[in-house]
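Structure, as structure tokens:
A short reminder: the numbers here are calculations on the coordinates, not readings from a lab. This one's a predicted model, so the numbers in the text were calculated from it and none came from an experiment. Note: ideal-geometry Cβ built from the backbone for every residue, glycine included; neighbour counts use all protein chains shown.
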Amino acid sequence: MEAVFKIVLTTSFYAGIVGMVILLVKNLLQDKLNPRWHYWLWIVLLVKLIIPFGPESAFSLYNVLDPLSQEIKFSSVPETVGDAGIYSPEGTQAGNERPGLPAQEPVASAQNLRTYVADALPIIWLSGLLLMFVWLLYAGFSFAGKLKTHAQPASPAVQALLEECKTRAEVKGDIAVLIQDIVKVPSLVGMFKPRILLTPDILRLKEQDISYILLHELSHYRRKDLWVNYLLLILQIIHWFNPVIWYCFRRIRQDMEVAADEGVLSLLKVSEHKEYGKALLAVLETINTKTRLMPRLIGMVDERKNIERRIRMIKMADFFKSRRKRVILTGILCVVILGGLLWTSASARVTSDEGGEDTDAISQNSAAQPVTGQSIEEAVSLAVKEKGKGYLEGEALTEGHKILEVEEKDGTVIAYTVASIGWFGFENGIFTGVSGSGAIPTVMTFAKNANGEYSLLEYKEAEDGGGYGDSIKRNFPQRLWDSIFSGEHYPELVAQKEAQARQYLQSIGRDAQVSQGYVEKKLVDINVEASNRLFAELTKGDAELNRFPYWIGTKEYLDQGERFIYETSQGKTSDGYDLVTFRKSKEDGRIEREYQYKIVGNELTLVFLQSTPELKP
């Protein structure tokens, strides 16, 4: 069983990398690919989960990752600490003993722990798999029993409407419509005996809306989405321990719904697209999407957040249709390139580095200028802020850190920490995080002089990506691994950064909401191609124009101590066309500069430019 678990663990690790790469590509090409191709990109991930090991290739993405073997090891024996004293900044011990843990751990004890973990992990994995499988069986049979008891066949009128929709969608096969109140969302169930589930509330909608609902479920049926959904359930049971896989599968199901929408739109007239979007919203208003104890179903309405995206894709249907050949070519290239990079394995020549230095696990950075603190806490804080100067700057630099342990020997101090960087700036009047990092495990080495001052010698961050876990295990004592991998420190670091941001606001006499989290943004509602030109092409060569927010709202900047407010707004011209206004003003409201762009289709024209400081707002 241990061999099977190693294969599963290895597969899950590489599939996680594939999933993150696909998410990145989808984000970069979000308006370059239509919903169908956004959905089909996930084929790369599903193939990787089913066939984890491909032929070796010099073009494989895994060549640039850590020199990993094709088998993931459970753990490695940690190095002994030697005579170094280990200190914990939290808590002390009585007497003359130093606080903290014993200075040295026997290698034999670590080997025993490794053996125990290697034996326990496969059992834990198999137990989780069996529990999920039993739950799935129970939920499936329970759901089928409730349907058999409570569901009623639809009226002849609804069944006749289904037959019309089947003819329109060119779907054959015996499909029944059941009326029930178990599942609140219109859904398609049954691999071998397909049934469309509707609620009594749905029957109160207009006949046209009901036909759109039936066409949506028939679109799922025609594209075999039920089979894909069951495949996802099986893979999810096998990889139940991997949150990246869970998140990717969630995104697959969301893309499945958007692709089904596109399938329906291809059957409708352009004039009906807007009505289809209204039908989606009408269904949303009739349901309560609380989680139920049942297998994941194929339903017309999923998460409310994804509905907004689906409405936007409906609006863009004509845009993708007009660029059909370009979209198809882009989609094919993406699948081919991603397959070549991610279905292959690393070349044998880069999977080991005998005799070389251990540089794969750690990103090493020296401070730009000397960092000296009077205490270890101050020294760590200054070191993190110095690191933060390499990030995209905002108005106030903050940091959060947690010192897990301190090791001191011969005038050298090693601080094992979890650190986070945060630049804050004003967006829509909220003092929010504009750049920074998450909770990064970091090893900092300091020299301590006779006056008790700490000077930074080395700043090491755990490597991002596939080498993260190995870098932690090689550079942190094993007793700290659980604490680091748990992610329990991040809320505390966020609180530290927000507290420093509030102190900054107090120092400048400004009262504002402070939140490191994402600020809600309403995007400008114009033609997509015009939006790309306005917020990407025009701003590329104009540093001033690039400062304006890409959403309807404000950003603030300090120039030589003077505050300027950059505002983006949207209105209409006298002849009814969209008008986007960029306005730079001082704190007192005096306008420094203003641009106005008239949008006609995908064309934009600068119709007003003012840079007179005396201009009244």
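Values as computed for the structure displayed
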{"read-out": "Alpha carbon centroid spacing (whole Å) that separates the range 479-503 from the range 117-161", "value": "39"}
{"read-out": "Relative contact order, percent, the range 377-422 [alpha-carbon distance under 8 Å, six or more residues apart]", "value": "39"}
{"read-out": "Additional length obtainable on full extension of the chain from K274 to K448, 0.36 nm per residue less Cα span", "value": "55.7 nm"}
{"read-out": "Prolate/oblate/rounded label for the range 520-609 (Cα gyration tensor, a/c 1.5)", "value": "prolate"}
{"read-out": "Rounded to the nearest 20 debye, dipole of the range 370-513 from Cβ charges on Lys, Arg, Asp, Glu", "value": "40"}
{"read-out": "Straight-distance crosslink candidates among lysines, where the alpha carbon sits under 23 Å from K274 and sequence neighbours closer than 8 are dropped", "value": "K32, K166, K206, K305, K315, K321, K522, K572"}
{"read-out": "Inter-label distance for K224 and R204, nm, one decimal - labels placed 7 Å from Cα along Cα-to-Cβ", "value": "4.0"}
{"read-out": "Computed FRET value (nearest 0.05) for D482 with W246, which takes r as the C-beta separation and R₀ as 22 Å", "value": "0.55"}
{"read-out": "For the range 1-57: rounded, prolate or oblate by the Cα gyration tensor [a/c cutoff 1.5]", "value": "prolate"}
{"read-out": "Residue-by-residue Karplus 3J(HN,Hα) for the range 560-567, coefficients 6.51, -1.76, 1.60, Hz, glycine and proline x", "value": "6, x, 9, 8, 10, 10, 9, 10"}
{"read-out": "Potential lengthening between Q30 and I123 on full extension [0.36 nm per residue; Cα-Cα distance subtracted]", "value": "29.4 nm"}
{"read-out": "Spin-label pair D511/E378, simplified geometry with 7 Å Cα→Cβ offset, distance in nm", "value": "3.4"}
{"read-out": "Fully extended contour minus Cα-Cα distance, from L281 to K586, at 0.36 nm per residue", "value": "105.6 nm"}
{"read-out": "Spin-label pair K409/V607, simplified geometry with 7 Å Cα→Cβ offset, distance in nm", "value": "7.3"}
{"read-out": "Nearest-0.05 FRET efficiency for A157 and D181, computed from C-beta distance (R0 22 Å)", "value": "0.65"}
{"read-out": "At most 14 other Cβ within 10 Å, DSSP loop - chymotrypsin sites (Phe, Trp or Tyr not before Pro), the range 481-530", "value": "Y518"}
{"read-out": "Protection proxy ranking of 586-592, 172-178 - average other beta-carbon atoms within 10 Å, highest first", "value": "172-178, 586-592"}
{"read-out": "Subset of K385/K473; K409/K473; K460/K540; K6/K460 violating a 32 Å alpha-carbon distance limit", "value": "K460/K540"}
{"read-out": "Using a Förster distance of 30 Å, the FRET efficiency for A536-L558 (Cβ separation, nearest 0.05)", "value": "0.75"}
{"read-out": "Charge dipole (debye, nearest 20) of the range 129-225; +1 at Cβ of Lys and Arg, -1 at Cβ of Asp and Glu", "value": "240"}
{"read-out": "Global form of the range 370-513, assessed from the alpha-carbon gyration tensor, a/c cut-off 1.5", "value": "oblate"}
